[in-house]
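Trainee: Here it is, the structure, as structure tokens.
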Amino acid sequence: MTQNPSPKLRTTSWVTGQSGNPAGKPLGTRSAFSKAFVADLTVAWQEHGVGVLQKVARSDPTRFLGVCASVLPKDVAVSIQEQTPGNLDPQDWAIVMELLQAVKETVPNAADRRPGEVLSFARDAIRSAGAKTIDDCSENSEYRSPDSGPKE
């Protein structure tokens, strides 16, 4: 013989869906607390902020990283994209930066040249990398000179 479970006993005097505080919290309570907290935090930061950050960074790098991540905006990826010139996506920006580094390393006196001159040098180098060599051309009849004789 099984017994039916007892009905749930009412532990509050409120009706379902009715607030226990219909008047709500007094206006400005939360904002007054927040303003006071931020003011106190500002004073503490001015006195100890940089020193505490440096101490935590040395003694507990994991916690330091967590604090840094918690204060970053949630849309940090969007913020980074908005800061790249031309709103390039991060992969394209990385390609541009690699190309710039290659130009700086290979163009003679790149820092002393005008931008158009550096661009011309880089464009010619890129074009020549894809050009056919003379050996490649001799195998193709359209590149043969008229006095080279008949094609075999």
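The values are calculated or read from the model by the stated rules, or taken from the named source; none is laboratory data. Small disclaimer: the values here were computed from a predicted structure and weren't measured. Using ideal geometry, Cβ is built from the backbone for each residue, glycine included, and neighbour counts are taken over all protein chains shown.
Trainee: Scan the range 132-144 and tell me whether some residue there is out of contact with any strand residue (DSSP E or B) (no Cβ under 9 Å at 6 or more places or on another chain), surrounded by 10 or more Cβ atoms within 10 Å (Cβ to Cβ) and modelled with pLDDT of 75 or more.
Mentor: yes
Trainee: If you check every pair at least six apart or on different chains, which have Cβ atoms under 7 Å apart with a residue in the range 83-107 that is aliphatic (A, V, I, L, M) first and a residue that is surrounded by 11 or more Cβ atoms within 10 Å (Cβ to Cβ) and part of a helix (DSSP H, G or I) second?
Mentor: What qualifies is Leu88/Val96; Val103/Ala110; Val103/Val118; Val103/Ala122; Val107/Val118; Val107/Phe121; Val107/Ala122.
Trainee: Let me ask something else. Is it the case, given these coordinates, that Gln91 is exposed (fewer than 10 other Cβ atoms within 10 Å of the Cβ) and modelled with pLDDT under 75?
Mentor: On the way: exposed (fewer than 10 other Cβ atoms within 10 Å of the Cβ): yes; modelled with pLDDT under 75: no.
Considered against the rule, which asks whether it is exposed (fewer than 10 other Cβ atoms within 10 Å of the Cβ) and modelled with pLDDT under 75, Gln91 comes out as no.
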